[in-house]
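Single-structure report; data block below.
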Amino acid sequence: MCEFNIVHTHANIAAVSKLAKQIWKDHYLPIIGQDQVDYMLHTFQSEEAIIKQLNDGFKYFIVTKHNQTAGYFAVIENNQSNTVQISKLYITTRFQNCGIGAAIICFLERSYRNAHDVELWLTVNRENRQAISFYQKEGFQKSGCIVQDIGQGFVMDDYKMVKVIK
């Protein structure tokens with residue numbers, strides 16, 4: 001059984017930032033390379049970046065299974081457009097293929113089911129075939145491509161994927 005604990009203390013923030021470094025280096029080096037991994041960790045997953053995101057309305061959760069940290073995810077709600085962006089969803093290598101990602105999606109579906117026709121959406125690197133396959137299995141569909149300049153000569157080359165919760 002998974003537990004989802006909201007990130008709200010400095011210790012939680014530090015734990016997420018440390019976890020991000022482990023997950024990103026294990027998973028993204030072959031996809032985007034060391035320089036972009038380092039840049040994105042500093043820009044988007046450092047303690048300072050997470051604090052800013054929390055102040056901007058993001059909700060971060062640490063995922064545990066069997067009392068061990070297994071990953072984290074973050075969402076940002078847009079009530080005007082009735083959408084929820086899954087901004088981050090990362091599972092440690094050790095806990096991948098154990099149902100944790102599906103449990104997170106189920107948790108989010110339950111959390112937003114009472115809102116009328118909420119669209120869950122996310123972006124996923126177009127070369128991240130494992131994640132794309134997982135999201136499709138969970139009912140997400142590709143709705144286009146997003147190429148975003150993130151600075152320092154780096155771009156995120158992603159698919160946007162969506163799932164409507166009724």
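Read-outs: derived from the displayed coordinates by stated rules, not from any lab. Since this is a predicted model, take the numbers as computed values, not measurements. Reconstructed Cβ throughout: ideal geometry from the backbone, glycine too, with neighbour counts over all protein chains shown.
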Practice prompt. Pop out the ³J(HN,Hα) list for the range 98-104 in order, Karplus 6.51 cos²θ - 1.76 cosθ + 1.60 with θ = phi - 60°, rounded to Hz; leave Gly and Pro as x.
Written response: 10, x, 5, x, 5, 5, 5
Fill in: Net length gained if the chain between ASN67 and LYS25 were fully extended (0.36 nm per residue, minus Cα distance)
12.8 nm
Worksheet item: Kirkwood Rh, the range 2-165, all Cα pairs: how many Å?
Response: 16.3
Discussion item. Only sites in a loop by DSSP and with at most 13 other Cβ atoms within 10 Å count here; which trypsin sites (Lys or Arg not before Pro) in the range 7-44 make the cut?
Written reply: none
Practice prompt. Starting from the amide H of SER143, placed 1.01 Å from N in the peptide plane, find each other amide H under 5 Å away whose residue is 5 or more places distant or on another chain.
Written response: LYS160, MET161, VAL162
Discussion item. Run the helix sum for the chain: -39,500 (n - 2.57) per DSSP H stretch of 4+ residues, divided by residue count, reported at 222 nm to the nearest 500 deg cm²/dmol.
Written reply: -11500 deg cm²/dmol
Worksheet entry | Hz values of 3J(HN,Hα) by residue in the range 53-61 - Karplus curve (6.51, -1.76, 1.60), Gly and Pro given as x | 4, 4, 5, 8, x, 5, 10, 9, 10
Fill in: Per-residue HN-Hα couplings for the range 114-127 [Karplus 6.51, -1.76, 1.60; θ = phi - 60°; Hz; x = Gly/Pro]
6, 6, 7, 6, 6, 9, 7, 9, 7, 10, 9, 3, 5, 9
Worksheet entry | Among the listed pairs LYS21/LYS142; LYS52/LYS88; LYS137/LYS163; LYS142/LYS163; LYS21/LYS65, those beyond 18 Å (Cα-Cα) | LYS21/LYS142; LYS21/LYS65
Worksheet item: Which length gain, in nm to one decimal place, applies between CYS98 and ILE76 when the Cα-Cα distance is subtracted from 0.36 nm times their residue separation?
Response: 5.4 nm
